Structure formats: structure tokens, C-alpha cells
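This report refers to the structure that appears directly beneath it.
The values are calculated or read from the model by the stated rules, or taken from the named source; none is laboratory data. Values in this document were obtained by computation on a predicted structure and should not be read as measured data. Please note: Cβ atoms are built from the backbone with ideal geometry, for glycine as well, and neighbour counts cover all protein chains shown. We work out accessible area using only protein heavy atoms, side chains counted, and drop any ligands, DNA or RNA first. Shrake-Rupley method; radii C 1.70, N 1.55, O 1.52, S 1.80 Å.
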Amino acid sequence: MKLNIGINEAHRTEVASVLKVLLASEFLLSLKTKGAHWNVVGIDFADKHELFESQYKALSVIIDEVAERIRQLGFESPASMREFLELAILKETKGALLKSTIFIEELLNDHEEIIRFLRANITTAEENKDDGTVDFIIALIQQHEKTAWFLRSHLL
């Protein structure tokens, strides 16, 4: 059945393209956060192990919501590592045993990169009259800003 939500297909296509990049980036950030959870070492291991676990669990919810938003707009969500690596704005890193501050700095940079991406691309949803996605992106910006603040606070 044809989708009839008041946004034409061309406009939905533009918005979905942005959301696919976001989905890939969120997935890669989740994987990197999980890697930090697995591989953090140091005197603050227990604290940071739990911090990273709570963050990758929150990212799991975001990933699901982004994929579902793409589906709501009538498009298929990317779902393979190849697609994610091709689409993501973040860079993959090799897993390693590292002190928490190194992981925190990298994850902070990634959250801030996603915030900048969202701010730069919210206009795509606005220009295409997709208020649902505008609202969705605003909420994601707020979530990433809060996580970035938590991470930044560990470095002061």
C-alpha cells in the first residue's frame, strides 16, 4: 500500500538518506562504546565498565528508534556492517586495552561529531516539512549533549 503521510516521496527520500547516515553512525558509536566497556583497564575499571555499559544500552535504544523512523518514512533501514561502514560519519578504531581517559576522549569526540551532524542536517527535515523527524532529531541532540557532558566531566 502506498504511503500517504503528507510528505511526498522525494522529500521522504532526502530525510531517509540523512537518517541512514545517522543510523550507521549510531551503530558504529555503539560498537566503539561496547569495545570501551570490554577493554577498559586501570584503577577506575569498575566505574568506567559500568559507565560504558549504560551508554551502549542507551545507544541500542537510539539505534532501534532511528531504524524505525526510516521504516516509518517508507524505506528500508541499512542492516549490514558493510553498509554501516560505508555510510557512517565516524571512523572505526581497532579494539585495544586502554585507560578510561583515552576511551572517554574518543567517545566524546564521536558524540560531538554526531551532534554537529544532526545540527547540520536538521534543516533537511525542516525543508521537507517532516516535523516528526525534526522533533526526533531535537531529542537526539539533547541525548547526545547529555552523554557528551557526562564524558567531558570525567576529563576535567
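Structure values in brief
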| item | result |
| --- | --- |
| Residue among PHE75, PHE84, PHE150 that alone is buried (at least 20 other Cβ atoms within 10 Å of the Cβ) and hydrophobic (A, V, I, L, M, F, W, C) | PHE84 |
| Those residues of the range 123-147 which are open to solvent by 20 Å² or more (accessible area, probe 1.4 Å), among the β-branched types (Val, Ile, Thr) and under 21 Å from ASN109 (Cβ atoms), in sequence order | THR147 |
| Single condition PHE75 does not satisfy, out of (1) within 13 Å of VAL18 (Cβ to Cβ); (2) touching an Asp or Glu at 6+ places or on another chain (Cβ under 6 Å); (3) among the hydrophobic types (A, V, I, L, M, F, W, C) | (2) |
| Any chance LEU3 is modelled with pLDDT under 95 and either among the acidic types (Asp, Glu) or open to solvent by less than 70 Å² (accessible area, probe 1.4 Å) (or both) | yes |
| Segments classed as helices (runs of 4 or more DSSP H), wholly inside the range 1-100, with at least 3 members that are under 21 Å from ARG119 (Cα atoms) and over 17 Å from the mean Cα position of the chain (by Cα) | 9-39 |
| Sole residue being of a type outside the set (S, T, N, Q), open to solvent by 60 Å² or more (accessible area, probe 1.4 Å) and at pLDDT 95 or above, chosen from GLU112, GLU92, GLU50, GLU9 | GLU50 |
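Quick grid of which residues meet (1) in contact (Cβ under 8 Å) with a residue 24 or more places away in the chain; (2) under 19 Å from LYS48 (Cα atoms):
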site	(1), (2)
LEU97	yes, yes
LEU107	yes, yes
HIS111	yes, yes
LEU118	yes, no
ASN121	yes, no
GLU126	no, no
ILE137	no, no
